[in-house]
Amino acid sequence: KKVYIIHDPLSTAIYYASKNKIQKKQNLLIIDFGSSKLNVTLLEINPKNAIKIKKTGGDSYLGGIIFNNELVNDVLEFYRGEGGNKPQEQDQDYLTKMIKIEQEVKKLKEELTFKQESNIHIEAFDGQKDLNYSLKRENFDELNNAHYNRIMKLINEVVQDSEIPPNEINHIILQGDAIRVTALTKLIKDAFQDSNIIEDLYDAVAEGAAIHVAKKEIDRDRKSGSAGMPRP
């Protein structure tokens, strides 16, 4: 069975081109900020749906989990400051406690995308003292401001290296769960005010890859002279 390898942003561009009639050349900036990495790709699509990658960049170690780690550290330091005992690696239930904290932190982060404040409550977290932690969205942003700046720097580097002026970027497609962080999306929108922001292409990677594979299979059948012939 033939295996096809395709870049996620290219899959997204293929999906976008399949859903929109491209009447003139368009520049697409795809920002994929998942749990583990940042991928930034600038592509050009022409009216024939031919796609050309102009520049790629990002960071394989910069993803949404960075935000989680900042929160975990802040929660545990707050708990220690309130007189609680932080989990220690030698503790028998260390992993259980850390998994619990990470789950609560992930939930808190998700709630801050639509709430101004969220909280964590774990009874007798160290066996005695309850853990009660509350965080406002603005404080979350303060914790992660350096990461926001790093992300914007990497996005701007891709645009600059492509030599395409920011005002000539027609559309910006935001992907990945972490891109829903309100302050980060606002920074991107403020930096690219001339671009149309697209945030709802949730199945773009999978569907774009499927379209790519189908086209490859059709082209292969045509070359082998088997187009339209039933396969055994």
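The values are calculated or read from the model by the stated rules, or taken from the named source; none is laboratory data. Predicted, not measured: the structure shown is a model, and the values here were computed from it. Every residue, glycine as well, gets a Cβ built from its backbone with ideal geometry; the counts of neighbours run over all protein chains shown. Just the protein is used for accessible areas: all its heavy atoms, side chains included, with ligands, DNA and RNA removed. Shrake-Rupley method; radii C 1.70, N 1.55, O 1.52, S 1.80 Å.
Points worth noting:
- Scanning region 74-86 for residues that are within 26 Å of residue 147 (Cα to Cα) and not acidic (Asp, Glu) returns 75, 76, 78, 79, 80, 81, 86.
- Residues in region 45-56 that are part of a strand (DSSP E or B) and either among the polar types (S, T, N, Q) or open to solvent by 30 Å² or more (accessible area, probe 1.4 Å) (or both): 6 in all.
- Criterion (in a helix (DSSP H, G or I) and over 26 Å from residue 150 (Cβ atoms)) met by exactly one of 95, 71: 95
- Candidate set from region 98-142 (those that are among the acidic types (Asp, Glu) and outside any helix (DSSP H, G or I)); member that is nearest to residue 179 (Cα to Cα): 117
- Selection status of residue 179, buried (at least 19 other Cβ atoms within 10 Å of the Cβ) and of a type in the set (A, V, I, L, M): yes
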